[in-house]
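Novice: Encoded as structure tokens, here's the structure I'll be asking about.
The values are calculated or read from the model by the stated rules, or taken from the named source; none is laboratory data. In this text, all values refer to a predicted model and were calculated from it rather than measured experimentally. Neighbour counts are summed over all protein chains in view; Cβ atoms, including those assigned to glycine, are modelled from backbone coordinates with ideal geometry. SASA here: full protein model, heavy atoms, side chains in, ligands and nucleic acids out. Shrake-Rupley method; radii C 1.70, N 1.55, O 1.52, S 1.80 Å.
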Amino acid sequence: MTESESTDKMAAEAGNGVISKGAQPDSTTPNCEVQSKPYSAVSRSRLRQFQLLLGLATITSPLTATIYFPLLPLLRKQFDASAQAINLTLTIYIIFQGISPVIFGPLSDYYGRRPLFLITLLLYVVGNVGLSVNDRNYAVLLVLRAVQSLGASAAYAISFGVVADLCPPSERGRMLGPISMALNLGACVGPVAGGAVAYKSQSFVWVFYSLVIVGVVLLAGVGLFLPETARSLVGDGSDRSRYKSWQLSWVQVFSEQILPDKRRSREANYDDKAVSQKPTFRIFLACFRIIFHKDTIFTLWMHGSFYVVDYAFVAALPDIYTNYHFNELFIGLAYLPRGLGIIIGSYCTGKLMDHNYRVTARKIGWAAGKATGEDLFRFPIELARTRRSYWILSISTATMIGYGWTVHYGAHFAIALILQFLQGFWGTYFYTTYSTLLVDSFPQSPSTAAATTSVTRTAMAAAGVAILQPLVDAAGKGLYFTVLGLWSGLFGCVAVFVLRRYGIVWRRVRNGLDPRDNNDNT
């Protein structure tokens, strides 16, 4: 039985809490075509504006991380420090790259996306201003790198929260695809931009000044155009009375055009379950609690394991192409095929996620398309997000094995570059799709869920890179990438099977629902 043919059977078996194929809508069935309330009051044109703004905002973390690499020799000279001492600034950045979403992601679920976005971007600007004027004090350099990372690294989690606020699960792929493209574009252009600025100016100062400009532009963009979107605070955005003045964008404050009038324009779609109690220190542990739920640990494995794969490709690349007698310039250019694959793959992944959702909804008799307000406690979102994962795992595994033996035997470098492109294309499917699945699984705290993916992938990638060189030295590149491919592929198949078979059952149990009761008032 193929994956497509088994979707209906597995949906029905998932606790009998899923509507079976061909079921007719009735008064107890949510999300049918009789439901006409939009998920959000935000128009399509404004969604596109927010998509552009969020995409630019998420660039900050990868751009700031990678634009720094060409500056290392200049920093060693300027601060009269050893290579190890300057490399510590990279470690500091990575540490706070993991800490930042843990702090600001949960806070944005409680206090809103807009204030946390403004605070983190302000931190980012302050950190870069400090770095641009500090040219002697090494201790201050370390502190400012931490501030810079705190400000830059929360954008991913907060942006994911905004997407979950504005888009139903059936349309999140369309929103996230271009945002992921922008996110990965930052990692691609960072080293090039940093090297170009440093080469022209022969100083690291102008690189930080350029990041100040980026931060100020983004701070102004969020301030001017992005209102509060957290559904726990403003519902679906249709009730003007729920907004406080600081929750409006500056444009809205001045023009007073958040709604056609200042009264409730229609019956608002509230997410009252998400209304928060006063937050305590426990909210910062929420990310870690999410990791150990049965229905989420496999999702996080899929997301994190392919981040490990991605980092393994990146970390091994200089050594591989040194053997092809590439100089530093050409080694830098060798990163571009993988980056291009990730960018194109991000766009295609967004389209594929929405297509898979519509196919799954159609097979079990749910209205997708324009339907909004999906009750994810009844909808088998695991089947939608994991659809076709077995095929893509097979292709990814074959690509990794082929890449390993290509570079092991010294085949033409063009073959290796093509395989890098393919791995970038397919690899981005897994960490984008499965991070979206985790957010779908925690609709009341999407930024906290997104922060959990950041923590998990950072820890897994750090461990993977730490053992990379000893394994390559011991086994050789061919065997190393073969083991990496089989590790990600076989364990990935197990994770996908478990999610498809038990995911909705465990998710309903976690939320205190009877896994076999289809008439819960959720």
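Novice: Tally the residues that are open to solvent by less than 20 Å² (accessible area, probe 1.4 Å) and within 23 Å of the chain's Cα centre (by Cα), restricting the search to the stretch 457-497.
Specialist: Here the count works out to 9.
Novice: Please go through the stretch 206-240 and give me each residue that is over 22 Å from the mean Cα position of the chain (by Cα) and within 15 Å of GLY161 (Cα to Cα), ordered by number.
Specialist: Selection gives LEU233, VAL234, GLY235, ASP236, GLY237.
Novice: Something else about it: Taking the stretch 122-165 only, how many residues are acidic (Asp, Glu) and over 24 Å from PHE442 (Cα atoms)? Working first, answer last.
Specialist: Let us first name the residues in the stretch 122-165 that are acidic (Asp, Glu), namely 135, 165.
Then keep just the ones that are over 24 Å from PHE442 (Cα atoms); that gives 135.
Going through the stretch 122-165 one residue at a time, the tally reaches 1.
Novice: Still on this model: Yes or no: the stretch 325-338 includes at least one residue that is under 19 Å from the mean Cα position of the chain (by Cα), in contact (Cβ under 8 Å) with a residue 60 or more places away in the chain and in a helix (DSSP H, G or I).
Specialist: Kept after step one, since they are under 19 Å from the mean Cα position of the chain (by Cα), are these residues of the stretch 325-338: 338.
Now drop any that are not in contact (Cβ under 8 Å) with a residue 60 or more places away in the chain, which leaves 338.
Those left that are additionally in a helix (DSSP H, G or I): 338.
Yes; the residues of the stretch 325-338 include at least one that is under 19 Å from the mean Cα position of the chain (by Cα), in contact (Cβ under 8 Å) with a residue 60 or more places away in the chain and in a helix (DSSP H, G or I).
Novice: Then there's this: Can you find even one residue in the stretch 364-381 that is open to solvent by less than 30 Å² (accessible area, probe 1.4 Å), modelled with pLDDT of 90 or more, part of a helix (DSSP H, G or I) and not basic (Lys, Arg)?
Specialist: Yes; the residues of the stretch 364-381 include at least one that is open to solvent by less than 30 Å² (accessible area, probe 1.4 Å), modelled with pLDDT of 90 or more, part of a helix (DSSP H, G or I) and not basic (Lys, Arg).
Novice: If ALA187 meets every condition in (1) open to solvent by 40 Å² or more (accessible area, probe 1.4 Å); (2) not in a helix (DSSP H, G or I) apart from one, which number is that one?
Specialist: It fails just one condition, (2).
Novice: Another question, then. Tell me which of these LYS200 doesn't satisfy, since it passes every other one: (1) open to solvent by 40 Å² or more (accessible area, probe 1.4 Å); (2) under 24 Å from the mean Cα position of the chain (by Cα).
Specialist: (2)
Novice: Now a separate question. Restricted to the stretch 406-438, and to residues that are aromatic (Phe, Trp, Tyr) and closer than 17 Å to GLY489 by Cα, which residue is surrounded by the most Cβ atoms within 10 Å (Cβ to Cβ)?
Specialist: We begin by selecting, within the stretch 406-438, every residue aromatic (Phe, Trp, Tyr); these are 409, 413, 421, 425-426, 429-431, 434.
From what's left, closer than 17 Å to GLY489 by Cα: 425-426, 429-431, 434.
Details: PHE425: 24, TRP426: 24, TYR429: 22, PHE430: 25, TYR431: 23, TYR434: 27.
So the residue we want is TYR434.
Novice: Among (1) within 23 Å of the chain's Cα centre (by Cα); (2) open to solvent by less than 60 Å² (accessible area, probe 1.4 Å); (3) closer than 30 Å to ASP236 by Cβ, there is one condition PRO62 misses while meeting the rest; what is its number?
Specialist: (3)
Novice: Give just the number: which of (1) within 23 Å of GLY485 (Cα to Cα); (2) in contact with a Lys or Arg (Cβ under 7 Å, 6 or more places away or on another chain) does SER441 not satisfy?
Specialist: With (1) within 23 Å of GLY485 (Cα to Cα); (2) in contact with a Lys or Arg (Cβ under 7 Å, 6 or more places away or on another chain) applied to SER441, the lone miss is (1).
Novice: Ok, one more. Under the condition of being closer than 26 Å to CYS167 by Cα and in a helix (DSSP H, G or I), which residue from the stretch 265-287 is modelled with the highest pLDDT? If you could, list the steps in order and put the result at the bottom.
Specialist: To start, the set of residues in the stretch 265-287 that are closer than 26 Å to CYS167 by Cα comprises 265-277, 279, 283-284, 286-287.
So of that shortlist, the ones also in a helix (DSSP H, G or I) come out as 272-274, 283-284, 286-287.
On the way: ASP272: 46, LYS273: 48, ALA274: 46, ILE283: 73, PHE284: 74, ALA286: 80, CYS287: 83.
Restricting to residues being closer than 26 Å to CYS167 by Cα and in a helix (DSSP H, G or I), the top hit is CYS287.
Conditions tested, residue by residue: (1) open to solvent by 10 Å² or more (accessible area, probe 1.4 Å); (2) more than 25 Å from THR452 (Cα to Cα); (3) not acidic (Asp, Glu).
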residue	(1), (2), (3)
GLY112	no, no, yes
LEU122	yes, no, yes
GLY127	no, no, yes
LEU131	no, yes, yes
LEU141	no, yes, yes
ALA146	yes, no, yes
GLY151	no, no, yes
SER159	no, no, yes
VAL163	no, no, yes
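Novice: If the Cβ limit is 8 Å and pairs must be 6+ apart or interchain, which residue in the stretch 234-259 that is of a type in the set (Lys, Arg) pairs with which residue that is at pLDDT below 85 and assigned to a strand (DSSP E or B)?
Specialist: ARG240/ARG264
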